[in-house]
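The block underneath contains the structure these notes are about, expressed in structure tokens.
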Amino acid sequence: MSASENQGFNTRAVHAGQAFEPRTGAVVPPLHFSSTYAQDGIGGLRDGYEYGRGGNPTRDALQEQLAALEGGSHAFSFSSGLAAEDSLIRALTRPGDHIVLGNDAYGGTYRLISRVLGEWGIGNTPVDMADLDAVRAAVAANKTRFLWVETPSNPLMKITDIAALAEAAHDVGALLVVDNTFASPYLQTPLALGADVVVHSTTKYIGGHSDVVGGAIVVKDAELAEKIGFVQFAVGAVSGPMDAFLTTRGLKTLGVRMDRHSDNAQAVAEWLLERPEVEAVLYPGLPSHPGHELAKKQMKKFGGMISVQFKGGEAAARKVAESTSVFTLAESLGGIESLMNYPSEMTHASVKGTELAVPVNLIRLSCGIEDVEDLIADLEKAFTFIQ
């Protein structure tokens, strides 16, 4: 069975790019490890395959799957999320161009843009994406090529109006790039809301099992796709066949996993809201969240990520982060197991001392698919260690 754009999300997730193998009828397409391909005479390529950097059937199947789920025409799979972002910026910007990005962007993204590509002549301006007047002023003040947003953001869980930002970007001839890692294409499809480019760390919810690192770019414009595809081929930071295979396997169950992640996070957030030790719960599924109504409009559910700030400051946050057993203290997010992160010293250590610095009393929770009663019991026990 092949997938079509008229079919539901889970049907497309299972079938897009996943036609059975014709010789044996194997339901799961074979994993292609070959680095090179036999030619039928000089230049006589079979289905366009020549060399593994330029094309691999397993990677192509994943790319078809990603495009189908994000509503794009082309998708590109990379060895990591940052490799995808780097390739995107190299493909579509030139020295002297400018990137306006959220003032609570992922630390690795900001490090790439400011410290690596800044040396190449790419400028940047961090801005509060909720302040549309500030966004418009920032994109108008420079030769802005990208307006770059994460929604929900990492780790402050801010919700940004994708359609409004698309308009602000397009008014000055810029492109809107949306990092859709936290939401995943199951909960949110930015291209349908006016975005030009979607990027992912497929390591997270798309892979979903904490066993593969990868990244992706999805677009619906053929001209953009041609430029990105050239850099993917020419620079070569592509996903390997095993990584592509594992990512495809995870993507097939994304919908059912995201339902469970979201339901668990909602219950945990509501429990946290009642705790006297907690200063603030940052979760868009709570009516008290300033982006709640907007999230209801542009997301299917509210996702599996929660950030929590403690009245006891840094000491309390550190104690909780180091006192759980079901939640594992680790980098990353989006796997089937629950993870706990202290962003100030972990995922966002690279932005300490900048305007993107994360509050030291904040921990970030990635709620897995365990029984939610066990997640709450684990947190409740950890809270007893707060002095």
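By how many nm would the segment from Glu223 to Ala19 grow when fully extended, if each residue of separation counts as 0.36 nm and the alpha-carbon distance is taken off? Write out the running numbers ahead of the final one.
Values: separation 204, 0.36 × 204 = 73.44 nm, distance 2.78 nm.
So the extension gain works out to 70.7 nm.
Based on Cα positions only, what radius of gyration and what Dmax would you give for the range 179-287, in angstroms?
So, for the range 179-287, Rg and Dmax equal 17.2, 55 Å respectively.
Return the FRET efficiency for the residue pair Ser73, Thr354: r is the Cβ-Cβ distance, R0 is 35 Å, and the value is rounded to the nearest 0.05.
Values: r = 37 Å, r/R0 = 1.05.
About 0.45, to the nearest 0.05.
What does the accessible area per residue of the chain come to in Å², with a 1.4 Å probe and no ligands, DNA or RNA counted? Show your work: numbers first, answer last.
Details: 15890 Å² over 387 residues.
Result: 41 Å² per residue.
Which translational diffusion coefficient, to the nearest whole µm²/s, is obtained for the range 72-231 from the Stokes-Einstein equation, given a Kirkwood hydrodynamic radius over C-alpha pairs, 4 °C and 1.567 mPa s? It would help to have the intermediate numbers written out before the result.
Working: Rh = 15.4 Å.
It diffuses with D of about 84 µm²/s by this estimate.
Excluding residues fewer than 8 places away in the same chain, name every one of the aspartates and glutamates whose C-alpha is closer than 16 Å to that of Lys220.
Glu5, Glu64, Glu70, Asp179, Asp196
Mind checking the full-extension length gain between His209 and Gln39? Use 0.36 nm per residue of separation minus the Cα-Cα distance, one decimal, nm. The partial results should precede the final answer.
Working: separation 170, 0.36 × 170 = 61.20 nm, distance 3.72 nm.
Here the answer is 57.5 nm.
Would you compute, from DSSP H runs of 4+ residues alone, the mean residue ellipticity of the chain at 222 nm, taking -39500 (n - 2.57) per run and dividing by the full residue count, rounded to the nearest 500? Before the final figure, lay out each step's value.
On the way: 13 runs with 136 residues, N = 387.
The helix-only estimate for the chain comes to -10500 deg cm²/dmol at 222 nm.
Against the longest principal axis of the chain, how steep is helix 57-70, in degrees 0 to 90 to the nearest 10, with axes from Cα atoms?
Roughly 50 degrees between the two axes.
Between Glu345 and His292, what length comes free when the chain is fully extended (0.36 nm per residue of separation minus the Cα-Cα distance, one decimal in nm)? Don't skip to the answer; put the middle values down first.
Numbers: separation 53, 0.36 × 53 = 19.08 nm, distance 2.83 nm.
That pair, Glu345 and His292, stretches by 16.2 nm at full extension.
Once the Cα atoms of helix 162-171 and of the chain are each reduced to a long axis, what angle between those two axes, in degrees from 0 to 90 to the nearest 10, is obtained?
Orientation of helix 162-171: about 60 degrees from the principal axis.
Using 1/(1 + (r/R0)^6) with R0 = 35 angstrom and r between the beta carbons of Glu270 and Glu322, what's the FRET efficiency to the nearest 0.05? Provide the component values of the computation, followed by the final result.
Values: r = 25 Å, r/R0 = 0.70.
For Glu270 and Glu322, the calculated efficiency is 0.90.
So what's the chain giving for Cα Rg divided by 2.2 N^0.38 Å, two decimals?
On the way: Rg = 21.0 Å, N = 387, 2.2 N^0.38 = 21.2 Å.
So the chain has a normalised radius of gyration of 0.99.
Among the aspartates and glutamates, which fall within straight-line cross-link reach of Lys143, defined as a Cα-Cα distance under 12 Å, with same-chain neighbours fewer than 8 residues apart omitted?
Correct list for Lys143: Asp97.
With label points built 7 Å along Cα→Cβ from the Cα atoms of Ala237 and Ile386, find their separation and express it in nm.
Simple spin-label model gives 3.9 nm for this pair.
Just to confirm the number: angle between the C-alpha axis of helix 372-383 and the first principal axis of the chain, 0 to 90 degrees, nearest 10?
Compared with the principal axis, the helix lies near 50 degrees.
Ignoring any ligand, DNA or RNA, what whole percent of the accessible area of the chain comes from carbon and sulfur when the probe is 1.4 angstrom? Please list the in-between numbers first.
Details: 8350 of 15890 Å².
Solvent-exposed carbon and sulfur of the chain make up 53 percent of the total.
Answer rounded, prolate or oblate for the range 123-217, using the Cα gyration tensor with square roots of eigenvalues a ≥ b ≥ c: rounded when a/c is under 1.5, else prolate when a/b is larger than b/c, else oblate. Provide the component values of the computation, followed by the final result.
On the way: a/c = 2.04, a/b = 1.99, b/c = 1.02.
Note, shape of the range 123-217 comes out prolate.
Residues in the range 202-234 near a label at Glu5, defined as backbone nitrogen under 14 Å from the 7 Å Cα→Cβ point?
Under cut-off, by backbone N: 219-222.
Among the GluC sites (Glu not before Pro) in the range 221-279, which ones are in a DSSP loop with at most 10 other Cβ atoms within 10 Å of the Cβ? Mind listing them? Intermediate results must be reported in sequence, preceding the final value.
Working: sites: Glu223, Glu226, Glu270, Glu274, Glu277, Glu279; in loops: Glu274, Glu277.
Qualifying residues, ordered by number: Glu274.
What net charge do the residues around Leu117 carry, taking every other residue with its C-beta under 15 Å from that of Leu117, with Lys and Arg at +1 and Asp and Glu at -1? If you can, show how the numbers build up before the last one.
On the way: positive: Arg90, Arg94, Arg111, Arg115, Lys143, Arg145; negative: Glu85, Asp86, Asp97, Glu119.
My count for the surroundings of Leu117 gives +2.
Hey, which of these cross-link pairs are over 28 Å Cα-Cα: Lys252/Lys297; Lys158/Lys227; Lys158/Lys352; Lys296/Lys381; Lys227/Lys296?
Working: Lys252/Lys297 25 Å; Lys158/Lys227 31 Å; Lys158/Lys352 19 Å; Lys296/Lys381 32 Å; Lys227/Lys296 35 Å.
Flagged as over cut-off: Lys158/Lys227; Lys296/Lys381; Lys227/Lys296.
Pairwise over distinct Cα atoms, reciprocal of the mean inverse distance: report the Kirkwood radius of the range 1-57 in Å, one decimal place. Write out the running numbers ahead of the final one.
Numbers: mean 1/r = 0.0746 Å⁻¹.
In the range 1-57 this quantity evaluates to 13.4 Å.
The values are calculated or read from the model by the stated rules, or taken from the named source; none is laboratory data. All values reported here derive from a predicted model rather than from experimental measurement. We place every Cβ from the backbone using ideal geometry, glycine too, and count neighbours over all the protein chains shown. Keep in mind that these areas ignore ligands, DNA and RNA; they rest on the heavy atoms of the full protein, side chains included. Shrake-Rupley method; radii C 1.70, N 1.55, O 1.52, S 1.80 Å.
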